[in-house]
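Working notes, structure below.
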Amino acid sequence: MSNESSQPGPAEQAPAEKKDSQAALHVTAFAQRFGIVIALVVLCVALSIFNEYFLTTRNILNVLRQTSINGILAIGMTYVILTRGIDLSVGSVVALAGVISAAFATTSSVAGMAGGPYPAGLAFAVGIAVGIGTGTVCGILVARFNVPAFVATLGMLSAARGLTLIAADGRPVPALTDSYRWIGTGDIAGIPLPVVIFAMVFLASWYVLSSTRFGRRVYAAGGNPHAAKVSGINVRRIRLAVYIISGALAGLAGMILAARTGSALPQAGIAYELDAIAAVVIGGTSLAGGVGHVAGTLIGALLIGVVNNGLDLMGVESYYQQVIKGVLIVAAVLLDQSRNRRA
Amino acid sequence: MDAPLLEVVGLQKSFGGVAALKDGRFRLERGTVHALCGGNGAGKSTFLTIIMGIQVRDAGTIRCKGEDVVFATPREALAHGISIIEQELSPVPAMTVAENIFLGREPVRALGRVDFRRMNEQAQALLDRLGFQIAATDRMGELSVAKLQLVEIAKALSYDAEIIIMDEPTSALGESEADQLFEAVHKLKAEGKGVIYVSHRLSEILEIADHYTVFRDGAFVEAGEIADVSKTDLIRMIVGRPLSEEFFKENRPTDEVTLSIDGIDASHGVHDVSFDAHRGEILGFYGLMGSGRTEIFERLFGLSECRAGTITLQGRQVQFNDPAEAIDSGLALVTEDRKESGLVLLASVRNNLCMASLPAVSNPTGMHPAAERDAAHRMIEMFGIKTSTDRLEVSGLSGGNQQKVVLGKWFLTNPDILILDEPTRGVDVGAKREIYRIMSDFASQGGTVLMSSSETDEIIGMVDRVVVMKDGTVSGVLSREEIDAETLVHLAA
């Protein structure tokens with residue numbers, strides 16, 4: 001053996017392995033980051049070729065408006081899934097927050113609160129507070145009592161739906177004030193208000209998750225809760241916070257939905273949690289936690305919106321839309337799996 | 001004489017054009033234990049994965065009992081009598097020992113009904129033949145790590161394995177538990193099996209192996225009889241240069257008490273533990289697995305709830321309910337299992353390094369990317385972490401470098417007291433010495449080091465005093481002059 005040839009210092013990983021894992025990193029990162037973007041672009045190009053109506057301002061705004069509610073829910077869901085959790089309650093919270101806030105903003109004396117209608121600002125605050133309330137309950141169950149997120153939020157899915165039906169006595173809350181309806185039907189410079197709100201929620205979440213201490217802690221707590229705890233991160237507080245964020249955003253989405261339809265329906269939002277989860281998963285956020293980005297969620301939500309819209313335009317039955325959505329979800333997770341295998 | 005059980009010549013394997021294994025050679029005889037030695041990245045893992053049929057070789061021959069073989073899958077390797085006992089065992093905890101041994105090939109009766117009685121009998125007969133004190137009906141989840149390994153060995157033999165590969169089998173064992181394993185290895189030898197033994201613990205290799213083969217940088221370096229070599233020889237072959245000393249110790253303890261523990265209790269029955277630690281001192285904690293070392297560290301660091309006893313830090317009485325408070329007070333804890341509790345594997349080197357110092361590299365409204373980058377680069381340079389960029393996922397680094405990232409994370413918090421729980425576990429000889437140097441430097445610069453270890457050599461080589469733990473209490477405190485292997489083991493057992 002030769003002493004002079006070998007570099008002093010600890011034996012290190014073979015360069016081969018390092019290089020290999022790095023190359024793999026680039027390839028998967030590329031697929032991860034741009035796979036669904038490419039899918040979205042290809043889909044949009046195809047649709048604009050096959051249907052002259054697709055690429056009109058009106059239709060684009062329509063897609064964005066239809067996407068905004070699912071998009072807002074999906075962004076809240078992203079926080080939760082990043083911490084290895086899941087929030088199944090958002091669909092029910094949409095209805096609960098819608099109905100309760102609507103009660104403060106209806107001109108109907110039967111369905112409304114005594115003394116109403118109240119200013120829209122108060123009604124909105126109430127709706128957000130409802131979401132924060134349900135989110136806090138879920139968060140405490142998960143963070144403090146270690147109830148599996150699936151179970152805690154499944155319980156809330158049922159309970160919040162029941163509370164909605166009780167509060168509304170099983171009937172819609174009709175005749176909302178114009179100022180309340182503005183968040184669903186208004187526009188700023190021609191852009192529908194739901195789209196504006198969605199954009200603001202998205203940009204704020206992008207900043208929070210990628211550029212703040214809190215965001216860093218969310219990723220750490222999801223990536224390895226034990227290591228995060230040892231590093232002085234209060235993992236429980238982070239878990240509580242993400243359910244509150246998801247709940248608050250579900251409340252916001254519920255009010256936009258009620259405002260758009262003009263009355264708050266106690267049956268609103270059924271199965272919305274599934275579309276929200278689908279958007280997150282398609283967007284490349286790992287259900288195992290710690291990996292993902294709201295930008296992916298945005299693309300995931302848009303992809304679902306464009307698929308629905310495109311199939312509508314082409315006159316395809318809505319039954320097929322569900323099949324295609326299913327294929328999309330599984331294809332996206334397969335991508336996620338291949339990434340995890342390499343890691 | 002029979003053909004050797006396994007004979008490998010000129011094995012090669014490249015990943016993406018770069019050779020991980022350039023010249024793998026190995027020769028395993030019946031009834032012997034053959035140690036495969038080498039640092040991290042020496043090509044051992046690549047070699048083993050090829051033997052096991054997990055990866056396909058680029059060139060070279062493998063002869064199994066004189067017959068040329070090519071394994072495309074682990075199942076084929078198993079069919080040729082090659083079985084591996086992996087470093088991280090993966091039992092099905094809710095199943096019994098017998099169910100685990102016969103997983104996937106349970107004896108069945110009519111209608112596919114599992115014949116539990118026959119399965120239990122066969123498993124028990126096997127365990128008894130090997131002299132393992134394990135009941136076939138025990139649940140896997142209730143067994144110690146050492147017993148789990150014995151079950152794995154039994155499982156390997158139930159497949160009629162003749163070549164048994166053990167990858168770092170003692171990394172999770174204390175010394176008395178390791179003895180159980182060694183007994184089992186002797187039984188395997190007596191039955192004419194061949195054992196390929198991989199371990200970073202050289203004293204163990206000298207104790208148990210008959211032959212050795214050393215790889216370095218993907219190539220065969222030397223092979224021979226263990227009886228002909230010393231530990232120093234092995235280190236020289238593995239590292240590629242003579243390592244003047246295995247340990248590195250230059251710190252001088254002072255009389256100034258920095259941390260004083262009085263009568264504390266901790267989880268898992270740890271009771272009435274007292275000790276003082278001084279500025280400039282490396283204080284060791286020796287004991288068997290489960291003797292309470294980790295529990296004391298967790299209690300100190302605010303990871304388990306407060307119980308009886310007082311902790312005095314720099315003359316101030318403290319109680320930490322939360323690791324964040326401990327970190328603010330100048331404590332740092334390098335946990336035993338870096339994958340489990342030290343690193344976020346899928347996060348970048350930079351994010352891992354900054355994880356315990358977030359307030360220092362941010363303000364409440366946002367992170368300071370430049371401060372984060374500078375901090376990460378400072379640590380990468382200070383510890384010589386080998387990574388192409390600090391944005392690389394930490395899972396892409398070698399074990400020794402990952403451990404340095406954990407150390408870097410804690411040095412970034414500017415600690416006064418550095419707590420290290422088994423800091424060199426699963427780390428190769430060269431990287432070990434760097435960790436010793438880091439500890440020694442830290443203590444020399446006025447820090448206090450608490451270090452637990454299951455290796456008597458490491459305790460003897462590194463610490464100024466040692467607290468010996470047994471069944472959750474302190475069974476003795478020895479000064480550097482008083483420490484010897486016999487006393488340590490005597491106090492711990």
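The values are calculated or read from the model by the stated rules, or taken from the named source; none is laboratory data. Computed from a prediction, not measured in an experiment: that's the story for all the values here. Using ideal geometry, Cβ is built from the backbone for each residue, glycine included, and neighbour counts are taken over all protein chains shown.
Things to note:
- Exactly one residue among A:Ala220, A:Ala259 is buried (at least 24 other Cβ atoms within 10 Å of the Cβ), within 14 Å of chain B (Cβ to nearest Cβ) and in a helix (DSSP H, G or I), and that residue is A:Ala220.
- Only one of A:Ser68, A:Ser101 that is touching a Phe, Trp or Tyr at 6+ places or on another chain (Cβ under 8 Å), over 23 Å from A:Gly283 (Cα atoms), assigned to a helix (DSSP H, G or I) and modelled with pLDDT of 85 or more: A:Ser101
- Check on B:Val239, touching a residue at least 24 places away in the same chain (Cβ under 8 Å), in contact with a Cys (Cβ under 7 Å, 6 or more places away or on another chain) and within 14 Å of chain A (Cβ to nearest Cβ): no
- Those residues of the range B:308-327 which are facing another protein chain (nearest Cβ under 10 Å) and farther than 18 Å from B:Leu450 by Cα, in sequence order: B:Asp322, B:Ala324, B:Glu325
- Residues of the range B:340-381 that turn out to be of a type in the set (S, T, N, Q) and within 21 Å of A:Trp206 (Cβ to Cβ), as a count: 5
- Lone qualifier among B:Ala356, B:Ala360 - being at pLDDT 90 or above, within 14 Å of chain A (Cβ to nearest Cβ) and within 28 Å of B:Gly446 (Cβ to Cβ): B:Ala356
Residue by residue, here is whether (1) within 14 Å of chain A (Cβ to nearest Cβ); (2) within 28 Å of B:His186 (Cβ to Cβ); (3) of a type in the set (Asp, Glu) holds:
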| position | (1), (2), (3) |
| --- | --- |
| B:Glu7 | no, yes, yes |
| B:Thr32 | no, yes, no |
| B:Ser45 | yes, yes, no |
| B:Gln55 | yes, no, no |
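- Qualifying position, being surrounded by 22 or more Cβ atoms within 10 Å (Cβ to Cβ) and within 9 Å of chain A (Cβ to nearest Cβ), among B:Gly408, B:Gly396: B:Gly396
- All positions within the range B:478-493 that are assigned to a strand (DSSP E or B) and crowded, with 16+ Cβ neighbours inside 10 Å: B:Leu478
- With respect to (1) farther than 24 Å from A:Ile238 by Cβ; (2) crowded, with 24+ Cβ neighbours inside 10 Å, the lone exception for A:Phe124 is condition (2).
- Near pairs, Cβ below 7 angstrom, 6+ apart or cross-chain, from the range B:177-188 (not assigned by TED's automatic domain parsing to the domain that holds B:Glu162) to any residue that is at pLDDT below 85 and not acidic (Asp, Glu): none
- Qualifying residue in the range B:57-70 (condition: among the polar types (S, T, N, Q), assigned to a loop (DSSP other than H, G, I, E, B) and at negative phi): no
- Matching option when the condition is within 10 Å of chain A (Cβ to nearest Cβ) and either in contact with an Asp or Glu (Cβ under 8 Å, 6 or more places away or on another chain) or in a loop (DSSP other than H, G, I, E, B) (or both), among B:Arg433, B:Arg350: B:Arg433
- Any hit, the range A:288-295, residues being at pLDDT below 90, surrounded by fewer than 17 Cβ atoms within 10 Å (Cβ to Cβ) and within 14 Å of chain B (Cβ to nearest Cβ): yes
- Screening B:Ile85 on (1) modelled with pLDDT of 85 or more; (2) surrounded by 19 or more Cβ atoms within 10 Å (Cβ to Cβ) shows it passes everything except condition (1).
- The combined condition, being touching a helix residue (DSSP H, G or I) at 6+ places or on another chain (Cβ under 6 Å) and either part of a loop (DSSP other than H, G, I, E, B) or modelled with pLDDT under 90 (or both), is not fulfilled by B:Ser291.
- Test: B:Ala42 is crowded, with 18+ Cβ neighbours inside 10 Å and either in a helix (DSSP H, G or I) or not assigned by TED's automatic domain parsing to the domain that holds B:Ala431 (or both): yes
- Given (1) modelled with pLDDT under 90; (2) in a strand (DSSP E or B); (3) more than 14 Å from chain A (Cβ to nearest Cβ), index of the condition B:Glu222 fails: (3)
- Scanning the range B:198-219 for residues that are away from chain A (no Cβ under 12 Å), surrounded by 16 or more Cβ atoms within 10 Å (Cβ to Cβ) and within 21 Å of the chain's Cα centre (by Cα) turns up B:Val198, B:Ser199, B:Arg201, B:Leu202, B:Glu204, B:Ile205, B:Leu206, B:Ile208, B:Ala209, B:Tyr212, B:Thr213.
- Flag if A:Val151 is under 23 Å from the mean Cα position of the chain (by Cα) and in contact (Cβ under 8 Å) with a residue 24 or more places away in the chain: no
- Members of the range A:223-246 found to be over 18 Å from B:Asp322 (Cα atoms) and either more than 17 Å from the chain's Cα centre (by Cα) or within 11 Å of chain B (Cβ to nearest Cβ) (or both), listed by number: A:Gly223
- Among the residues examined, A:Ala301 qualifies as touching an Asp or Glu at 6+ places or on another chain (Cβ under 9 Å), modelled with pLDDT of 90 or more and within 28 Å of A:Gly251 (Cα to Cα).
- Residue check, B:Thr424 more than 10 Å from chain A (Cβ to nearest Cβ), in a loop (DSSP other than H, G, I, E, B) and surrounded by 17 or more Cβ atoms within 10 Å (Cβ to Cβ): yes
- Among all positions in the range A:192-213, there is no residue which is touching an Asp or Glu at 6+ places or on another chain (Cβ under 9 Å) and polar (S, T, N, Q).
- Scanning the range B:436-454 for residues being in a loop (DSSP other than H, G, I, E, B) and either surrounded by 24 or more Cβ atoms within 10 Å (Cβ to Cβ) or among the polar types (S, T, N, Q) (or both) gives a total of 2.
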